[in-house]
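> Take this structure first; my questions come after.
Each reported figure results from applying straightforward, stated rules to the coordinates on display, with no laboratory input. What you see is a predicted model, and the numbers here were worked out from it, not measured in a lab. Note that we place each Cβ from the backbone using ideal geometry, even for glycine, and neighbour counts take in every protein chain shown.
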Amino acid sequence: MSPLDHYGLDQHWLTEFEKLSRKTILARVVRVDRGEFDAITDSGIVRATGTGICTGDWVTLDSFRLVATLPRQTAIERASAGTTSDTQVLGANVDTVVVTVASDTALDLGRVERYITLAWGSGAVPVVAITKADSGSVNEELVLEAAPGVTVCSTSALSDGGIDSLTAHLHGTIALIGPSGSGKSTLGNALLGGSVFATGATRSADSKGRHTTAHRELVPTPSSGLVLLDTPGLRSVGVQGSEDAVASAFSDIDELAATCRFGDCAHEREPGCAVLAAVDAGELTERRLGNYRKLLRENAWATSRHDARARREKLREYKQISKSLRQKYAADGRTR
Ligand SMILES: Nc1nc2c(ncn2[C@@H]2O[C@H](COP(=O)(O)OP(=O)(O)OP(=O)(O)O)[C@@H](O)[C@H]2O)c(=O)[nH]1
Ligand SMILES: [Zn+2]
């Protein structure tokens, strides 16, 4: 058996690889540092050079240099905070995104919805894991308001509670995402059956947690055939570029909207609005509808900002071309 088999190698990647040059070797990116990365190959972990890749990517190498990145099947991308319109890829080729929600922290349903939107937007399937079920009051029923149609499992890494039933819902490459201190690394270790990821003691006063996972690293589980990707706690999660992801995360509202009287109903005050009727009937909370609108707005804004940047880059390119053409004509003029 090749080490790659433990890192999620399947027929899809073999087929993709066969389309490329046979002189290279197939590898999967396990960990990325500045300009360098660790990758697993047929003959174990190697250190290679290259940029533009992220943990989870399938790549080809030639003498420890990156040659090509195979097309990503999924990518967890978040809009980075601040004024740029850059996105940050947190992990590639992830099959299941486990969103961790700590039972001992005040439940923030809006944040859960945000993470679930991020997960659907990646192309992977989200699963919610309530962590620290041994100490806290957040339960599955409470979380389901923010996650209709999504599997929600209560777990405790201390007592091993719920780990097996969570594992039953996982397949392939798993990414753990959630706020700092929400128990991602501890859950990851429980899934691995050992201590691989560094865990941190939370500051008990505010339960905010210190950042303990500095690197995103792929680790195969010995028994269940899963590959785990631990991510650092995220302070902010911007969503962008995917109205479909918002529609998936809010499938209940999406389904209601299909039965509104007007096809272009904005669910503000239109007659025959099924969404507002559901709010009136107590079937949908104002909070959830409000967050749905907010994520749609944020998504539209990020997309337009992205388009504006693309236009600026195009313009800069044209200016560069016309400048070099002017120089060329000027030079031609002199020699003529
Ligand atoms: N009681 C209890 N405590 C837990 C459980 N899981 C995690 N903790 C504690 O919660 C704290 C944070 O856990 P981590 O696993 O480090 O959290 P994290 O999400 O990986 O944090 P970052 O790496 O900072 O993003 C640690 O003190 C853990 O011991 C659990 O099931 N029960
Ligand atoms: Zn409506």
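> Taking the chain as a Gaussian network, where each spring joins two C-alpha atoms under 10 Å apart, which residue of 238, 35, 161 fluctuates the most?
35
> Using alpha carbon coordinates only, what is the Rg to Rh ratio of the chain, with Rh defined as the Kirkwood radius?
Ratio value, two decimals: 1.05.
> 222 nm [θ] for the chain, helices only, -39500 (n - 2.57) per DSSP H run of 4+, per residue, to 500?
That calculation yields -10500 deg cm²/dmol at 222 nm.
> I want the local charge near residue 113. Using Cβ-Cβ distances under 11 Å, sum +1 for each Lys or Arg and -1 for each Asp or Glu among the other residues.
Numbers: positive: 111, 114, 287, 288, 294; negative: 108, 145.
Its environment carries a net charge of +3.
> Now for a different question. Using the Cβ atoms and a cut-off under 12 Å, what net charge is assigned to the surroundings of residue 322, where Lys and Arg are +1 and Asp and Glu are -1?
+4
> If Lys and Arg each add +1 and Asp and Glu each add -1, what is the summed charge of the other residues whose beta carbon sits under 13 Å from the beta carbon of residue 46?
That works out to 0.
> Mind telling me which of 185, 251, 103 comes out most flexible in a GNM of the chain, alpha-carbon contacts under 10 Å?
Checking each option, the largest mean-square fluctuation is seen for 251.
> At what distance in angstrom do the alpha carbon centres of the stretch 105-130 and the stretch 140-164 lie from each other?
A separation of 12 Å, based on Cα centres.
> Zone of residue 2 (label point 7 Å along Cα→Cβ, backbone N under 19 Å): which residues in the stretch 158-172?
So the set is 172.
> Using 1/(1 + (r/R0)^6) with R0 = 22 angstrom and r between the beta carbons of residue 158 and residue 106, what's the FRET efficiency to the nearest 0.05?
About 0.60, to the nearest 0.05.
> Another one. So what is the relative contact order for the chain, in percent, with contacts set as C-alpha pairs under 8 Å and at least six apart?
Over the chain, the number comes to 14 percent.
> Charges only on Cβ, +1 for Lys and Arg, -1 for Asp and Glu: so what's the dipole of the chain about the Cα centre, in debye to the nearest 20?
Numbers: 38 positive and 41 negative charges, 495 e Å.
In total the dipole reaches around 2380 debye.
> In addition: Taking other Cβ within 10 Å of each residue's Cβ, how do 255, 298, 283 sort, fewest first?
283, 255, 298
> Let me ask you something else. What percent antiparallel are the DSSP beta bridges of the chain, to the nearest 5?
Bridges in the chain that DSSP calls antiparallel: roughly 60 percent.
> Take residue 322 and residue 304, extend 7 Å from each Cα along the Cα→Cβ direction, and tell me the distance between the two endpoints in nm.
Distance between label points: 2.7 nm.
> Further, regarding this structure: Name every cysteine in the chain that ends up alone, with no second cysteine's Cβ under 4.7 Å, or say none.
Here 54, 153, 273 come out as lacking a disulfide-compatible partner, given the Cβ-Cβ threshold of under 4.7 Å.
> In a Gaussian network model over the chain where Cα atoms closer than 10 Å are linked, find which of 62, 95, 264 has the largest mean-square fluctuation.
Most flexible of the set in this elastic network: 264.
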